[in-house]
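The values are calculated or read from the model by the stated rules, or taken from the named source; none is laboratory data. Just so it is clear, the model here is predicted, and its values are computed rather than measured. Methodologically, a virtual Cβ is constructed for each residue, glycine included, from the backbone with ideal geometry; neighbour enumeration extends over all protein chains shown. Side chains are part of the model used for accessible areas, which takes the heavy atoms of the whole protein and leaves out ligands, DNA and RNA. Shrake-Rupley method; radii C 1.70, N 1.55, O 1.52, S 1.80 Å.
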Amino acid sequence: MSDEVEIKTYFKLVDVVKWIGITQFEILVNLIAFFVFTIVLTLKSSSGALDNHVSTSEWLVVFSPLFCGDFCNAYFCIIVGIRMYLGNKHRQAVNRLLWSLALLLLTSGFKYLICMKAGQSVLEYIEVFAPIIVLLQMIAIKACQSNQQS
(Lines give C-alpha, C1' and ligand atoms only; values in the text may rest on other atoms or scores of the structure.)
Protein backbone atom coordinates (compact mmCIF):
# COMPACT_ATOMS: atom_id res chain seq x y z
CA MET A 1 0.00 0.00 0.00
CA SER A 2 2.67 2.43 -0.99
CA ASP A 3 1.36 5.49 -2.74
CA GLU A 4 4.10 7.22 -4.61
CA VAL A 5 3.81 10.96 -4.64
CA GLU A 6 5.13 12.65 -7.72
CA ILE A 7 6.54 16.11 -7.20
CA LYS A 8 5.73 18.36 -10.11
CA THR A 9 8.42 20.82 -11.09
CA TYR A 10 8.18 23.60 -13.60
CA PHE A 11 11.82 23.70 -14.63
CA LYS A 12 14.14 20.78 -15.02
CA LEU A 13 17.88 21.06 -15.38
CA VAL A 14 17.66 19.83 -18.96
CA ASP A 15 15.28 22.68 -19.85
CA VAL A 16 17.43 25.30 -18.15
CA VAL A 17 20.54 24.03 -19.93
CA LYS A 18 18.68 24.17 -23.26
CA TRP A 19 17.33 27.70 -22.68
CA ILE A 20 20.45 29.31 -21.30
CA GLY A 21 22.81 27.40 -23.55
CA ILE A 22 25.39 26.43 -20.95
CA THR A 23 26.30 23.00 -19.64
CA GLN A 24 25.95 21.61 -16.14
CA PHE A 25 29.71 22.00 -15.66
CA GLU A 26 29.50 25.71 -16.46
CA ILE A 27 26.64 26.08 -13.99
CA LEU A 28 28.79 24.34 -11.36
CA VAL A 29 31.74 26.66 -12.07
CA ASN A 30 29.43 29.69 -11.73
CA LEU A 31 28.04 28.39 -8.43
CA ILE A 32 31.52 27.78 -7.01
CA ALA A 33 32.68 31.22 -8.15
CA PHE A 34 29.62 32.83 -6.57
CA PHE A 35 30.21 30.90 -3.33
CA VAL A 36 33.82 32.12 -3.14
CA PHE A 37 32.65 35.65 -4.01
CA THR A 38 30.19 35.65 -1.10
CA ILE A 39 32.92 34.49 1.27
CA VAL A 40 35.31 37.24 0.09
CA LEU A 41 32.54 39.85 0.29
CA THR A 42 31.60 38.73 3.81
CA LEU A 43 35.22 38.79 4.99
CA LYS A 44 35.80 42.26 3.53
CA SER A 45 32.56 43.54 5.01
CA SER A 46 33.17 42.10 8.47
CA SER A 47 36.69 43.51 8.59
CA GLY A 48 35.29 46.98 7.98
CA ALA A 49 37.09 47.44 4.67
CA LEU A 50 33.84 48.31 2.89
CA ASP A 51 32.61 50.90 5.43
CA ASN A 52 34.01 54.07 3.91
CA HIS A 53 34.66 55.08 0.31
CA VAL A 54 35.94 52.08 -1.58
CA SER A 55 37.75 52.44 -4.89
CA THR A 56 36.91 50.53 -8.03
CA SER A 57 40.14 48.53 -7.80
CA GLU A 58 39.16 47.25 -4.34
CA TRP A 59 35.78 46.20 -5.69
CA LEU A 60 37.53 44.40 -8.55
CA VAL A 61 39.46 42.39 -5.94
CA VAL A 62 36.17 41.44 -4.27
CA PHE A 63 34.63 40.48 -7.63
CA SER A 64 37.74 38.61 -8.81
CA PRO A 65 36.31 35.12 -8.06
CA LEU A 66 33.43 35.85 -10.42
CA PHE A 67 35.82 37.01 -13.14
CA CYS A 68 37.94 33.88 -12.60
CA GLY A 69 34.82 31.75 -13.00
CA ASP A 70 34.02 33.56 -16.26
CA PHE A 71 37.58 32.96 -17.46
CA CYS A 72 37.32 29.24 -16.65
CA ASN A 73 33.99 29.04 -18.49
CA ALA A 74 35.45 30.84 -21.52
CA TYR A 75 38.37 28.41 -21.56
CA PHE A 76 35.96 25.47 -21.32
CA CYS A 77 33.80 26.88 -24.14
CA ILE A 78 36.80 27.29 -26.41
CA ILE A 79 37.89 23.70 -25.74
CA VAL A 80 34.37 22.37 -26.41
CA GLY A 81 34.13 24.49 -29.57
CA ILE A 82 37.44 23.16 -30.89
CA ARG A 83 36.46 19.56 -30.11
CA MET A 84 33.10 19.98 -31.83
CA TYR A 85 34.79 21.57 -34.84
CA LEU A 86 37.28 18.72 -35.08
CA GLY A 87 34.40 16.26 -34.79
CA ASN A 88 32.97 17.64 -38.04
CA LYS A 89 30.16 19.54 -36.32
CA HIS A 90 31.21 22.86 -37.81
CA ARG A 91 27.88 24.66 -37.71
CA GLN A 92 27.04 23.53 -34.16
CA ALA A 93 30.53 24.46 -32.98
CA VAL A 94 30.30 27.99 -34.36
CA ASN A 95 26.77 28.50 -33.00
CA ARG A 96 27.72 27.24 -29.54
CA LEU A 97 30.91 29.27 -29.44
CA LEU A 98 29.16 32.47 -30.50
CA TRP A 99 26.33 31.98 -28.02
CA SER A 100 28.65 31.12 -25.11
CA LEU A 101 31.03 34.00 -25.80
CA ALA A 102 28.14 36.47 -26.09
CA LEU A 103 26.73 35.18 -22.80
CA LEU A 104 30.12 35.46 -21.10
CA LEU A 105 30.81 38.93 -22.48
CA LEU A 106 27.44 40.25 -21.34
CA THR A 107 27.69 38.76 -17.84
CA SER A 108 31.31 39.89 -17.42
CA GLY A 109 30.40 43.35 -18.65
CA PHE A 110 27.58 43.50 -16.11
CA LYS A 111 29.91 42.46 -13.28
CA TYR A 112 32.47 45.07 -14.35
CA LEU A 113 29.81 47.79 -14.50
CA ILE A 114 28.64 46.79 -11.02
CA CYS A 115 32.23 47.25 -9.81
CA MET A 116 32.35 50.67 -11.46
CA LYS A 117 29.01 51.71 -9.92
CA ALA A 118 30.03 50.47 -6.46
CA GLY A 119 33.30 52.38 -6.78
CA GLN A 120 31.43 55.72 -6.74
CA SER A 121 31.18 56.04 -10.51
CA VAL A 122 28.65 58.35 -12.15
CA LEU A 123 26.99 55.52 -14.09
CA GLU A 124 23.21 55.35 -14.09
CA TYR A 125 21.53 52.08 -13.14
CA ILE A 126 20.08 51.63 -16.62
CA GLU A 127 23.64 51.72 -17.99
CA VAL A 128 24.73 49.11 -15.47
CA PHE A 129 21.83 46.75 -16.20
CA ALA A 130 21.90 47.16 -19.99
CA PRO A 131 23.90 43.93 -20.55
CA ILE A 132 21.39 41.98 -18.46
CA ILE A 133 18.47 43.40 -20.45
CA VAL A 134 20.12 42.32 -23.71
CA LEU A 135 20.92 38.91 -22.20
CA LEU A 136 17.32 38.36 -21.11
CA GLN A 137 16.11 39.21 -24.61
CA MET A 138 18.57 36.74 -26.11
CA ILE A 139 17.44 34.01 -23.70
CA ALA A 140 13.78 34.71 -24.50
CA ILE A 141 14.47 34.34 -28.22
CA LYS A 142 16.43 31.14 -27.64
CA ALA A 143 13.65 29.71 -25.45
CA CYS A 144 11.08 30.40 -28.17
CA GLN A 145 13.29 28.77 -30.78
CA SER A 146 13.85 25.67 -28.63
CA ASN A 147 10.08 25.30 -28.09
CA GLN A 148 9.53 25.34 -31.85
CA GLN A 149 12.21 22.72 -32.47
CA SER A 150 10.98 20.23 -29.86
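Annotations
- In the range 18-97, trypsin sites (Lys or Arg not before Pro) in a DSSP loop with at most 14 other beta-carbon atoms within 10 Å: K89
- Relative to the current alpha-carbon distance between C72 and K18, full extension at 0.36 nm per residue lengthens the span by 17.4 nm.
- Charged side chains reduced to their Cβ positions (Lys and Arg at +1, Asp and Glu at -1) give the range 52-150 a dipole of some 560 debye around its Cα centre.
- Per-pair calculated FRET efficiency, R0 = 22 Å: I126 and I39 via Cβ, rounded to 0.05: 0.10
- Relative contact order of the chain, defined on C-alpha pairs under 8 angstrom at six or more residues apart (%): 28
- Cross-link reach list, lysines versus K18, counting only Cα pairs under 26 Å and skipping chain neighbours closer than eight places: K8, K89, K111, K142
- Potential extension, I27-S64 segment - 0.36 nm per residue separation minus Cα distance: 11.6 nm
- Taking every protein chain into account, the accessible area of the range 1-128 amounts to 71 square angstrom per residue (probe 1.4 Å).
- Loop sites here are GluC sites (Glu not before Pro) outside DSSP states H, G, I, E and B with no more than 16 other Cβ atoms within 10 Å. The longest part of the chain free of them is 7-123.
- The range 71-125 - percent of accessible surface contributed by carbon and sulfur, probe 1.4 Å: 69
- Within the range 1-77, chymotrypsin sites (Phe, Trp or Tyr not before Pro) in DSSP loop having at most 15 other beta-carbon neighbours inside 10 Å: Y10, F11
- Working note: 222 nm ellipticity from helices only, DSSP H runs with n ≥ 4, each -39,500 (n - 2.57), summed and divided by the residues of the chain, gives -26000 deg cm²/dmol to the nearest 500.
- Full-stretch length increase - I82, L105 - with 0.36 nm per residue and alpha-carbon distance subtracted: 6.4 nm
- Gyration tensor (alpha-carbon) shape descriptor, the range 1-69, a/c threshold 1.5: prolate
- If the Kirkwood radius is taken over C-alpha pairs of the chain, then at 37 °C and 0.692 mPa s the Stokes-Einstein diffusion coefficient equals 185 µm²/s.
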